[in-house]
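Reviewing the structure listed below.
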Amino acid sequence: MTTTEQDIPSSMDALVLLGPNEFEVQEAVVPEPARHEVLCEVHSVAICGTDTELIGGHFLKKGWPPGYPYTPGHEWSGVIVATGEQSAELGFEVGTRVAGTAHDGCGVCRMCVTGRYNLCWNYGHEERGHHHYGHYSTGAMRQYHATSIKSVFPIPDTMTLEQAALVDASSIALHAVKRARVNPGEVAAIIGPGAQGLLAGQAANLLGASRVIIVGRGERLKTAAAMGFEVVDNSATDGPEAVRALTEGKGADFTVDTAARGNTPADAVSMTRKGGRVSLIGIPPEPVVLPLQRIVFEEMDLMGVRANPGTCEEVIPLIAEGKLDVDTVTTHRFPLAKFAEGFETFTKRIDGAIKVLIQPNV
């Protein structure tokens, strides 16, 4: 193991889940990076909507987390402070600033070798080389995080480490929009004015959409409007009807559902035109009722979206060059010791919270 000039401590602070909605900051052992791993000093970890479900114990049947105690966190940034065997030789050197992500495919199954490592056949089997950090593999909500070199991406000097913590979310938004096969001049509808929705709206614009309509409710719609999007308040009007009214009765060319709550998957179909496309980012409750006859008769395409295969390196220059704004959606910052306050701020949307960062080494 290679180390920095300063000694790496043997212990650190880490957020530890003790059970559903039970957590505390505990002292933990600083891990050593294995072969093809790096140890990073964590700068920022963004709280994600998936984290709220995982912390609440709603994904236990999926093995998220696999048991207790457990440390979550999968949208993060940091600096490499130590390298495992062959990591430095492959370009991951001490001092490199990186954006971290969750998925680490095995690298050898059919899904991985065709670039769809987010669908790795060896999912859930760390002994076969797969990890899903912050889900069933140990996450980054700690001062030091050991991770595969396949799950970190060097960032340029023009990008801050706070911005880098939004690379994971931004890359998922980009993947969702790419799945919808955007054509120049099209109209996009985005359900959900949270971070994922605001990032997806920007990605749609960058890929050629002429108009982006954000559908949702609450204070976040003001941010969407300030960012230049058209907005529909679905607490005051029917969302699909409003989108059709804004598009000469036809509907959006494509819709991205980032909310996955209640009727939003069906609403996404309803606000999309004939022959249109729908991307589903969020993990919807089951069962979900969809208008299948319309989907068939109008030849609509529905795309599931899981994570961000290959898009982290695509969004990094967009963020670094200011073409994708992550600063506006980053609203709050808390030290790890105040995780409970940060989590409440995120879940209750206190003070207009959108994306909340936890900074373990502050």
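The values are calculated or read from the model by the stated rules, or taken from the named source; none is laboratory data. These numbers come from a predicted model, not from an experiment. We place every Cβ from the backbone using ideal geometry, glycine too, and count neighbours over all the protein chains shown.
Can you pull out every residue in the range 25-35 that is crowded, with 18+ Cβ neighbours inside 10 Å and either among the small types (Gly, Ala, Ser) or closer than 17 Å to Gly78 by Cα (or both)?
If the condition is that a residue be crowded, with 18+ Cβ neighbours inside 10 Å and either among the small types (Gly, Ala, Ser) or closer than 17 Å to Gly78 by Cα (or both), then Ala28, Val30, Pro33 are the ones that fit.
Kindly evaluate Arg181 against the criterion of being within 23 Å of Leu246 (Cα to Cα) and touching a strand residue (DSSP E or B) at 6+ places or on another chain (Cβ under 9 Å). Full working, then the answer.
Values: within 23 Å of Leu246 (Cα to Cα): yes; touching a strand residue (DSSP E or B) at 6+ places or on another chain (Cβ under 9 Å): yes.
When the stated conditions are applied, Arg181 passes them.
Is one or more of the residues making up the range 67-78 closer than 16 Å to Phe23 by Cα, in contact (Cβ under 8 Å) with a residue 12 or more places away in the chain and charged (D, E, K, R)? I'd like the intermediate steps shown before the answer.
As a first pass, look at the range 67-78 and keep what is closer than 16 Å to Phe23 by Cα: 67-73.
Filter again for in contact (Cβ under 8 Å) with a residue 12 or more places away in the chain, leaving 68-73.
Then keep just the ones that are charged (D, E, K, R); that gives none.
The answer is no; no qualifying residue exists.
Within the range 322-335, can you find the residues that are outside any strand (DSSP E or B) and either polar (S, T, N, Q) or without any contact (Cβ under 8 Å) to a residue 40 or more places away in the chain (or both)? Explain how you work it out, then say what you get.
Kept after step one, since they are outside any strand (DSSP E or B), are these residues of the range 322-335: 322-329.
Within the range 322-335, Gly322, Thr328 qualify.
Of all the residues that make up the range 209-230, how many are in contact with a Pro (Cβ under 7 Å, 6 or more places away or on another chain) and in a strand (DSSP E or B)?
2
Kindly check whether there is at least one residue in the range 287-294 that is at pLDDT 95 or above and in contact with an Asp or Glu (Cβ under 7 Å, 6 or more places away or on another chain).
No - not one qualifying residue is present in the range 287-294.
Within the set of pairs 6+ apart or on separate chains, which have a first residue in the range 7-36 that is not assigned by TED's automatic domain parsing to the domain that holds Ala146 and hydroxyl-bearing (Ser, Thr, Tyr), a second that is assigned to a strand (DSSP E or B) and modelled with pLDDT under 95, and C-beta atoms under 8 Å apart?
Pairs that qualify, where the first residue is not assigned by TED's automatic domain parsing to the domain that holds Ala146 and hydroxyl-bearing (Ser, Thr, Tyr) and the partner is assigned to a strand (DSSP E or B) and modelled with pLDDT under 95: there are none.
Report whether or not Thr71 is at pLDDT below 95, in contact with a strand residue (DSSP E or B) (Cβ under 8 Å, 6 or more places away or on another chain) and of a type in the set (Ser, Thr, Tyr). So that I can check it myself, show each step before the final result.
Working: at pLDDT below 95: no; in contact with a strand residue (DSSP E or B) (Cβ under 8 Å, 6 or more places away or on another chain): yes; of a type in the set (Ser, Thr, Tyr): yes.
When the stated conditions are applied, Thr71 does not pass them.
Before we move on, is Lys355 more than 13 Å from Ile47 (Cα to Cα) and basic (Lys, Arg)?
Values: more than 13 Å from Ile47 (Cα to Cα): no; basic (Lys, Arg): yes.
When the stated conditions are applied, Lys355 does not pass them.
For the subset of the range 212-237 comprising residues that are of a type in the set (Lys, Arg) and touching a helix residue (DSSP H, G or I) at 6+ places or on another chain (Cβ under 9 Å), which member is surrounded by the most Cβ atoms within 10 Å (Cβ to Cβ)? Let's see the steps before the verdict.
As a first pass, look at the range 212-237 and keep what is of a type in the set (Lys, Arg): 217, 220, 222.
Keeping just the survivors that are touching a helix residue (DSSP H, G or I) at 6+ places or on another chain (Cβ under 9 Å) gives 220, 222.
Working: Arg220: 23, Lys222: 12.
The residue in question is Arg220.
Working only within the range 272-302, note down all residues that are under 18 Å from Ala203 (Cα atoms) and among the hydrophobic types (A, V, I, L, M, F, W, C).
Val278, Leu280, Ile281
Yes or no: the range 180-191 includes at least one residue that is buried (at least 18 other Cβ atoms within 10 Å of the Cβ), within 18 Å of the chain's Cα centre (by Cα) and over 24 Å from Val356 (Cα atoms).
Restricting attention to the range 180-191, the residues satisfying the condition of being buried (at least 18 other Cβ atoms within 10 Å of the Cβ) are 180, 182, 186-191.
Checking which are within 18 Å of the chain's Cα centre (by Cα) leaves us with 180, 190-191.
From the residues that got through so far, the ones that are over 24 Å from Val356 (Cα atoms) too are 180.
Checking the range 180-191: at least one residue is buried (at least 18 other Cβ atoms within 10 Å of the Cβ), within 18 Å of the chain's Cα centre (by Cα) and over 24 Å from Val356 (Cα atoms).
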